[in-house]
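Quick notes on the structure that follows.
The values are calculated or read from the model by the stated rules, or taken from the named source; none is laboratory data. Here the structure is a predicted model, which means the values were calculated and not measured. Because the Cβ atoms are built from the backbone with ideal geometry, glycine has one as well, and the counts that use them run over all protein chains shown. With ligands, DNA and RNA removed, areas are computed over all heavy atoms of the protein, side chains included. Shrake-Rupley method; radii C 1.70, N 1.55, O 1.52, S 1.80 Å.
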Amino acid sequence: MAAVSSSLSASPTLQFHIQTNRKSPSKLSNRCFSIRQIYASISETSPSKVTPSKSDKLPVRPVPGSYGLPVIGPINDRVDYFYNQGRVEFFKSRIQKYQSTVYRVNMPPGPFIASDPHVIVLLDGKSFPVLFDVTKVEKKDVFTGTYMPSTDLTGGYRVLSYLDPSEPNHAKLKNIIFSLLKSRRDHVIPEFHSSFAELFETLEKNLEEKGKAGYNDPNDQASFNFLARAFFGVNPPDTKLGLDGPKLIGKWVLFQLSPVLTLGLPKVVEESTIRSHRLPPLLVKSDYQRLYDFFYTSADSILSDAANSGISREEACHNILFAICFNSFGGLKILFPNMMKWIGRAGVKLHTQLAREIRSAIKASGGKVTMAAMEQMPLMKSVVYEALRIDPPVPTQYGKAKKDFIIESHDAAFEIKEGEMLFGYQPFATKDPKIFDRPEEFVGDRFIGEGEKLLKHVLWSNGPETEKPTVNNKQCAGKDFIVLASRLFVVELFRRYDSFEIDVGKSAIGVAVTVTSLKRASF
């Protein structure tokens, strides 16, 4: 399911919110809260694809860039990445320096957690997809990058996300996830509706009492409840787990991703702790056991099927826990606040068009939300794809070259040697100006009509949106499920509200959203 890498943490963070003139929660406006220059709109006509120039004989050049001196070079790059420049400027400045979207650099965490921080960076839409080609790159133990968290955090097993398709258990474990998705598909729509109705009721109550409502925490609880109800028919608050699921997952994920996270602590503290030393798995063992016990009990049927296929119930349970908690929950934890941000900033015009389209299609379907009804919502579908394009929940991808080969950017070709680590920062690839018109702008109707041809460049799932996950590739097993959940999110939002307003701040997990206005459906 939707893999989450360096963008996820549920740990306490130093957060801030943009200061704005407070308005009445019920009053609509087209305010835009931004931390950096960013745009959101719906176009009068869908933006056209900018066709890159083609050449049969691109010049072959050495990969530019330098790793610097041992230890010193990686630490300098790490400090630039986290503190001096920040992630986006770190990559952008080196594109300008080397006049290339392909270059060498060190990726965090580096010393003394990762033995080899050297990577070749791919920052355009033409070179990036090689990371999906398992004939050229190996995906063994590269899920989190140049280091791998201790298997003590996953029951002693290397779970599916860390396996290359060539490994014997890859197909068996991915088929378990496929079976789970297929067996419970009829429960997804009704359980999403019930779980997120609870979310919206919570937001409305908090908005009425306080004049504003934090979105992220209620989203986490609704997302976890939805996943458990949809896939296992179990309501977490009615079990021993209670409401603790999201908090336990957050601590467990922190122990895996802390080397590549910024927690808002002073630089000297982070550099001397999480950047240089792994957090001891023992400290989260009891939390993980509570999650494991919940899934071992809840997933009895699928665990029995796994045992019949040659995977022990224990190994299957650790993999299901990872797929649900790290991949799926982690994805929704990041994706839905991002969607609130982008759709909220797009303003009333897009909101009204979505509300009309969604309600009309539901009415034509007898008042029910169905798969067929959602196929009659082209704007809604485009908005979902645009959110996945502009702000993918998994920004980083890694792969190690299996052999020597030539890789091409738009402007040059580069020789890659066997064993070299390739790294791609996806937001640069999916905002490639040689592929997308107005790439930095959220264009709600970008993927309608002729715009559908651009879907092959939407890469959030560890593969193009136009392709399907199989046991032979590393594309997210739950790709279609995440797209469906995202569509349901937009449908439920505009089935219930005409429009909404938000404030947006930052956190270690991407964005912190505060709802300041919800206008209930009036037509």
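Determine whether the range 502-514 contains at least one residue that is assigned to a helix (DSSP H, G or I) and touching a Phe, Trp or Tyr at 6+ places or on another chain (Cβ under 6 Å).
The initial filter retains those residues of the range 502-514 that are assigned to a helix (DSSP H, G or I), namely none.
Checking the range 502-514: not a single residue is assigned to a helix (DSSP H, G or I) and touching a Phe, Trp or Tyr at 6+ places or on another chain (Cβ under 6 Å).
Being in contact (Cβ under 8 Å) with a residue 40 or more places away in the chain, in contact with a strand residue (DSSP E or B) (Cβ under 6 Å, 6 or more places away or on another chain) and either among the basic types (Lys, Arg) or not in a helix (DSSP H, G or I) (or both) is the requirement here; does Lys341 meet it?
On the way: in contact (Cβ under 8 Å) with a residue 40 or more places away in the chain: yes; in contact with a strand residue (DSSP E or B) (Cβ under 6 Å, 6 or more places away or on another chain): yes; either among the basic types (Lys, Arg) or not in a helix (DSSP H, G or I) (or both): yes.
Against the criterion (in contact (Cβ under 8 Å) with a residue 40 or more places away in the chain, in contact with a strand residue (DSSP E or B) (Cβ under 6 Å, 6 or more places away or on another chain) and either among the basic types (Lys, Arg) or not in a helix (DSSP H, G or I) (or both)), Lys341 qualifies.
Quick check: is even one residue across the range 427-440 in a strand (DSSP E or B) and over 15 Å from Leu131 (Cα atoms)?
Here is the first cut: in the range 427-440, the ones in a strand (DSSP E or B) are none.
For the range 427-440, residues in a strand (DSSP E or B) and over 15 Å from Leu131 (Cα atoms): absent.
Identify the residue in the range 116-158 that is over 17 Å from Leu173 (Cβ atoms) and among the hydroxyl-bearing types (Ser, Thr, Tyr) and, among all such residues, is most open to solvent (accessible area, probe 1.4 Å).
If we take residues in the range 116-158 being over 17 Å from Leu173 (Cβ atoms) and among the hydroxyl-bearing types (Ser, Thr, Tyr), then Thr135 is most open to solvent (accessible area, probe 1.4 Å).
Hey, among Ala355, Ala361, Ala346, which residue is modelled with pLDDT of 95 or more, of a type in the set (A, V, I, L, M), buried (at least 20 other Cβ atoms within 10 Å of the Cβ) and within 22 Å of Leu454 (Cα to Cα)? Reasoning before the result, please.
Working: Ala355 fails: within 22 Å of Leu454 (Cα to Cα); Ala361 fails: within 22 Å of Leu454 (Cα to Cα).
The conditions single out Ala346.
Among the residues of the range 201-225, count how many are within 13 Å of Leu488 (Cβ to Cβ) and touching a residue at least 60 places away in the same chain (Cβ under 8 Å).
First, pick out the residues of the range 201-225 that are within 13 Å of Leu488 (Cβ to Cβ): 222-223.
This time we only want the ones that are touching a residue at least 60 places away in the same chain (Cβ under 8 Å), so: 223.
Residues in the range 201-225 being within 13 Å of Leu488 (Cβ to Cβ) and touching a residue at least 60 places away in the same chain (Cβ under 8 Å): 1 in total.
Taking the range 76-95 as the region of interest, how many residues are open to solvent by 50 Å² or more (accessible area, probe 1.4 Å) and assigned to a helix (DSSP H, G or I)?
If we filter the range 76-95 for residues that are open to solvent by 50 Å² or more (accessible area, probe 1.4 Å), which is where we start, we get 76, 83-85, 87-89, 92.
Filter once more, keeping what is assigned to a helix (DSSP H, G or I): 76, 83-84, 87-89, 92.
Adding up the residues that qualify gives 7.
Would you pick out the residues in the range 146-172 that are over 29 Å from Pro74 (Cβ atoms) and part of a helix (DSSP H, G or I)?
Correct list: Leu160, Pro168, Asn169, His170, Ala171, Lys172.
Identify, please: which residue in the range 369-383 is part of a helix (DSSP H, G or I) and over 23 Å from the mean Cα position of the chain (by Cα) and is, among those, surrounded by the most Cβ atoms within 10 Å (Cβ to Cβ)?
At the first step, the residues of the range 369-383 found to be part of a helix (DSSP H, G or I) are 371-374, 378-383.
Pick out the ones that are also over 23 Å from the mean Cα position of the chain (by Cα) and you get 371-373.
Values: Met371: 12, Ala372: 11, Ala373: 19.
The extreme case among them is Ala373.
Inside the range 481-517, can you point out the residues that are closer than 16 Å to Leu350 by Cβ, surrounded by 20 or more Cβ atoms within 10 Å (Cβ to Cβ) and of a type outside the set (Ser, Thr, Tyr)?
Arg487, Phe489, Val490, Val491, Leu493, Phe494, Phe500, Glu501, Ile502
Return the residues of the range 267-294 that are in contact with a Ser or Thr (Cβ under 8 Å, 6 or more places away or on another chain), open to solvent by 20 Å² or more (accessible area, probe 1.4 Å) and not basic (Lys, Arg); say none if nothing qualifies. Step through it out loud before you land on a result.
Residues of the range 267-294 in contact with a Ser or Thr (Cβ under 8 Å, 6 or more places away or on another chain): 270, 274, 278-279, 281, 294.
Cutting the leftovers down to open to solvent by 20 Å² or more (accessible area, probe 1.4 Å) gives us 278-279, 281.
Of everything in the range 267-294, those that are in contact with a Ser or Thr (Cβ under 8 Å, 6 or more places away or on another chain), open to solvent by 20 Å² or more (accessible area, probe 1.4 Å) and not basic (Lys, Arg) turn out to be Leu279, Pro281.
Out of all the residues in the range 249-266, which are part of a helix (DSSP H, G or I), open to solvent by 10 Å² or more (accessible area, probe 1.4 Å) and in contact with a Leu (Cβ under 8 Å, 6 or more places away or on another chain)?
Answer for the range 249-266, where residues must be part of a helix (DSSP H, G or I), open to solvent by 10 Å² or more (accessible area, probe 1.4 Å) and in contact with a Leu (Cβ under 8 Å, 6 or more places away or on another chain): Leu254, Phe255.
When you check Arg389 against the structure, is it under 19 Å from Gln475 (Cα atoms) and either in contact (Cβ under 8 Å) with a residue 40 or more places away in the chain or among the aromatic types (Phe, Trp, Tyr) (or both), yes or no? Don't jump to the end; show me each part of the working.
Numbers: under 19 Å from Gln475 (Cα atoms): yes; either in contact (Cβ under 8 Å) with a residue 40 or more places away in the chain or among the aromatic types (Phe, Trp, Tyr) (or both): yes.
Considered against the rule, which asks whether it is under 19 Å from Gln475 (Cα atoms) and either in contact (Cβ under 8 Å) with a residue 40 or more places away in the chain or among the aromatic types (Phe, Trp, Tyr) (or both), Arg389 comes out as yes.
For the range 449-465, what are the residues that are open to solvent by 30 Å² or more (accessible area, probe 1.4 Å) and over 18 Å from the mean Cα position of the chain (by Cα)?
Within the range 449-465, Gly449, Glu450, Glu452, Lys453 meet the criteria.
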